[in-house]
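A.B. asks: What follows is a single structure, and I will ask about it in a moment.
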Amino acid sequence: MSLPPSAAGIAAGYAFTGPALDLGALLWDGSCLPEAQVRIPLPMLTRHGLVAGATGTGKTRTLQLIAEQLSAQGVPVFLADIKGDLSGISVPGTPNAKVASRSAEVGHEWAGSGTVRTFPDSAYDLEELLTGLGTGEAVVTVLSEKGAPTPVAATRLRAPESLMGPVDGTVLDRAVKGSALYGRYAQAVDRESAYEKLAARAAAEDVVPVERSAGREESGKPRRGGEDRSVVEQVVGSGMFRSLARSVGTQIGREITRSLFGTARRRR
């Protein structure tokens, strides 16, 4: 079946030949066009993306659809799923009438094919498009392999092939404990912090124990090289004294140089 000219133009913008994610099929005048698939090139997924929509319109399922296809192509995926809505991605999905209907509509062999409704640029109305989307539909535009934006396409998304809902807690716990990495990451590690190491080193090097002399206690004194340091040694060895000495030395040297070469500043 040949596509309408405007729909064909949009479909051509998503006809990528390399590895890509299959989001769904084009919607045109309320009908799915399964021969016009909407795809995102895999190399473009290193960029930022936005999935936006009202509650219940399918944002979570869109993320699930993207994540499971990335995983299927060997790309590691991390999902910060606080509520557990996407934990079902770890187990196969259960077929039902809605999934079968969506798959048949978009021309995808089970679970998840989408259809895209496209609007010609001359007749495109963003407000009408965004407010008229139904459940499981999205507006898609990406950068092509050459970096140019693709035409905006209203898309009926495929159904994810994994379970669309939280997985049972016992099943999830069993999968976690059965992982080859469980033994490495399940054990809590509380190593000595940098602060604790520095504090211990300072205590060992700079402070001597309390000493008793003539019936009274003296507090710990700073020590260097195992010997008590006098007040003069402490002052001379301090960073502030060295900085002051360098400053004074520099100023004296500058004045001597000016006197020798006749470059002393004239007093006003």
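A.B. asks: Using a 1.4 angstrom probe on the protein heavy atoms only, line up His108, His48 by accessible area, largest first.
C.D. replies: Accessible-area ranking of His108, His48, largest first: His48, His108.
A.B. asks: Determine how large the accessible area of Lys177 is when every protein chain is in place; take a 1.4 Å probe and give Å² rounded to the nearest 10.
C.D. replies: Counting only protein heavy atoms, Lys177 exposes about 120 Å² to solvent.
A.B. asks: About the Cα centre of the range 29-86, how large is the charge dipole given +1 on each Lys and Arg Cβ and -1 on each Asp and Glu Cβ? Please answer in debye to the nearest 20.
C.D. replies: 180 debye
A.B. asks: On a 1.4 Å probe surface of the protein chains, which of Thr150, Thr60, Thr17, Thr141 comes out largest in accessible area, and what is the full order?
C.D. replies: These residues rank, largest area first, as Thr17, Thr141, Thr60, Thr150.
A.B. asks: Enumerate the amide H contacts of Leu21 below 5 Å, restricted to partners 5 or more residues apart or on another chain; note that Pro and chain-start residues carry no placed amide H.
C.D. replies: Ile40, Leu42
A.B. asks: How would Met164, Met44 line up by accessible area, probe 1.4 Å, largest first?
C.D. replies: My answer, sorted largest first, is Met164, Met44.
A.B. asks: To the nearest 10 Å², what's Asp29's accessible area with a 1.4 Å probe?
C.D. replies: My reading of the accessible area for Asp29 is about 130 Å².
The values are calculated or read from the model by the stated rules, or taken from the named source; none is laboratory data. Please read these numbers as outputs of a predicted model, since none were measured by experiment. When we count neighbours, we look across all protein chains shown, and the Cβ atoms used for this are built from the backbone with ideal geometry, even at glycine. Side chains included, ligands, DNA and RNA excluded: accessible areas come from the protein's heavy atoms. Shrake-Rupley method; radii C 1.70, N 1.55, O 1.52, S 1.80 Å.
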